[in-house]
Structure formats: C-alpha cells, structure tokens
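The values are calculated or read from the model by the stated rules, or taken from the named source; none is laboratory data. Every value quoted in this text rests on a predicted model; they were computed, and no experiment measured them. Cβ sites come from the backbone with ideal geometry, for glycine too, and all protein chains shown count toward neighbours.
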C-alpha cells in the first residue's frame, strides 16, 4: 500500500463518528500510532538523502607524504609529551580507513592519540585501470616500507610499532616476517591467517570463487561487486533490520549520527587491484599458503615463524567477516616470546568503532602499547 493510500485510510477512519470518539477509542489510538510511524519514516527518508555530507575523520591531522598509491597521515598530538615509539596503522584495502576515526566518542585513532601516542595512518588510494597488476609485493615491500622509512627518518628512530586492521593486519604480518628489524612491536586486529578455521560466509564464498577468471575478465575487483558481496553476508540485518532500527530511533540524535557514519562507510568501498585480489583469494583463502608458510610475494618467501618481536593480537568473538580462530592462529605461528591474544565479545566493526571498544578494548590495548613504547 502506498503512503497516500495509508493516509487516505487514516483520514476516513479518523473522521468516522469523530464527535462520539474519545482518547480510549482503539481506532483513534491505532491511527495515532500509524501517523507517528509515517512521521518517523518520512524523517528517516529525509535524513538518508543527506547522509553523504556527514562528517567523518575528525581527529586533527595532516597528510605528510602522498603518492599515487597512498596518503600517509599524521595525527596531531594531544599531549605535550608522547610515547617515543610512533604507531603506524595499516588499514585494509577494502572500504575506507575513517571507520577508525568515525566520530570522537567512537574513534580508535582519537583514543590512541589522547592516550599520548604518536599516530600515523596509511590511507590507501583506489587503484586505477593501470594498477591491475599491483600485487602484495608492491603494497608490502614498496608502499608500506616507504611509509615506515618516512616515519623512521622523521622521528630519528630505528623502529616503529606496526598496527594493522583486518587485511591491513595480514599485510603487517607479512611485512614483519621480512623486515622486522624496522619494527619494535606488531599489533594486529582481526587478521586473516588460517583460512581453514574461517567458518564465515565470506570465507566459504571465497573458497569457490574463480579469482583467475575474474582477473582476466574485469581486471580490478569492482567496488559494486564487493559491496554486493558484503551486503549478502547478513541480508536481513543489512537490508531490512538496520532501517527498521533507524526508524525506531530516528529521534535519538546520537543513534542517527552514528548510523549515518557507519552507513557512509559501508557504501564507500573502493576497487581492489586485480592481482592483489587474485592473491588474496587464491593464495590465502583457497590454498592457505600464508598459514602454511608457503606464500611468496615477488621474490620474497613469507615465513610467519620468523617474527620474534613483541606481538599483540586482538580478535572479536562475534566477527562475521573473519572467524576468531582464523585470526588467533597467528599467535601459534609467530616465534615471539612476548605475545598476547586479546579476545572480546563483539563484532568486526564493534571491535574498533563502538562504545564497547572505547570502554573495554582501547584501555587494554593502550596499556600494552605503553609498556613497550
């Protein structure tokens, strides 16, 4: 039924015997409920149409180095004295990094900066058609290494703390297996490591994907297909239930602002370089080469057992994108004597962009960094 038909029906029912009705009449009560629902729906529609302009990434920062592949961002210190060892955050190649700085009260980056850490972030740029053959070798051994060299030179230090999220955590582990002389500490959030233990819908989908054929036919993995894939993981929650929750909470400004920022992030998905996507699917998900220490990027052999530096692994027990056990396997793979696994009862995004994260996750993570920085 259309909105106009509903309203017409309401009008007929409201006018019927209007003089004899009172506040306890069930028809009047029902009509008011529907009118209130329609008001909320109309308000939600208006707000969603303007959602693209909502502000994200509000922690003060500056771009200190930029290439065609990335922007290296530095966050301005909030305390006069910061920890000596800077933190370089490596974000995933999927979606955008502002999920780590969604809004001040739910910002992973803002919390770290406010705790006195000197924070840098690699913002990956979307690949162009000329980046079809860009591989993990480029991202890990060239782009990440360039950023680490910049921070080392700028801060006149020998080592940084490398801190990766999701796919960025996997790349951080790759980097440390090859260049850990430049890294003081490794901290990962939800890394994809042992795909045989990943029971998520995404992992099962990846095991049956013909990545070679896709690479040959379309080159870079299109953002539209990526978004469709992630939306299909929880179709009711992502397609229906979240909007019902929005309507229900439409007069709660805090809820609405957070909803719009997450919604902006969900739709803001860049392409992925074709060769990198092919390696991600074939080498990691289908053949589990990374966990088996059989993966090669360029001429470099990845052996996770070579990692001996202090290591922190942060996983979400309710992660629907990367199973907790898939990520936790990294603790068994590295040879570090100083290593810790932190498990939290939340999801993939809740782990880094929620009130739960601010109150339960970041204080513990900050303490781990502080004693090693």
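Go through region 176-186 and count every residue that is assigned to a helix (DSSP H, G or I) and either at positive phi or in contact (Cβ under 8 Å) with a residue 60 or more places away in the chain (or both). Can you show your working first?
Looking only at region 176-186, we keep the residues that are assigned to a helix (DSSP H, G or I), and these are 176-182.
Still in the running and either at positive phi or in contact (Cβ under 8 Å) with a residue 60 or more places away in the chain (or both): 176-178, 180.
Of the residues in region 176-186, 4 are assigned to a helix (DSSP H, G or I) and either at positive phi or in contact (Cβ under 8 Å) with a residue 60 or more places away in the chain (or both).
Inside region 114-145, residues that are over 16 Å from residue 93 (Cβ atoms) and touching a strand residue (DSSP E or B) at 6+ places or on another chain (Cβ under 8 Å) make up a count of 4. Taking region 48-122 and the strands (runs of 3 or more DSSP E) fully enclosed by it, the elements with 3 or more residues that are closer than 18 Å to residue 369 by Cβ are at 87-90. Checked against (1) closer than 22 Å to residue 176 by Cβ; (2) touching a helix residue (DSSP H, G or I) at 6+ places or on another chain (Cβ under 8 Å), residue 332 meets all criteria but (2).
Looking across 87, 94, one residue alone is in contact with a helix residue (DSSP H, G or I) (Cβ under 7 Å, 6 or more places away or on another chain) and modelled with pLDDT under 95. It is 94. When you look at residue 190, is it at pLDDT 90 or above and at positive phi, yes or no? Here the answer is yes, as residue 190 does meet what is asked.
Which members of region 303-326 meet the condition of being more than 16 Å from residue 200 (Cβ to Cβ) and touching a strand residue (DSSP E or B) at 6+ places or on another chain (Cβ under 7 Å)? Can you show your working first?
Of region 303-326, the ones more than 16 Å from residue 200 (Cβ to Cβ) are 303-314.
Once the filter is applied, which keeps residues that are more than 16 Å from residue 200 (Cβ to Cβ) and touching a strand residue (DSSP E or B) at 6+ places or on another chain (Cβ under 7 Å), region 303-326 yields 307, 309, 310, 311, 312, 313, 314.
Of the set (1) over 27 Å from residue 342 (Cα atoms); (2) modelled with pLDDT under 95; (3) in contact with a helix residue (DSSP H, G or I) (Cβ under 7 Å, 6 or more places away or on another chain), all apply to residue 203 but (1). As an exercise: evaluate residue 139 against (1) modelled with pLDDT under 95; (2) surrounded by 24 or more Cβ atoms within 10 Å (Cβ to Cβ) and give the number of the one condition it does not meet. The single condition residue 139 does not satisfy is (1).
Where helices (runs of 4 or more DSSP H) sit wholly within region 248-339, those with at least 2 residues that are surrounded by fewer than 18 Cβ atoms within 10 Å (Cβ to Cβ) occupy 253-267, 324-333. All of (1) modelled with pLDDT under 90; (2) more than 23 Å from residue 329 (Cα to Cα) hold for residue 273 with one exception: (1).
Tallying residues that are part of a helix (DSSP H, G or I) and in contact (Cβ under 8 Å) with a residue 60 or more places away in the chain within region 143-174 yields 16.
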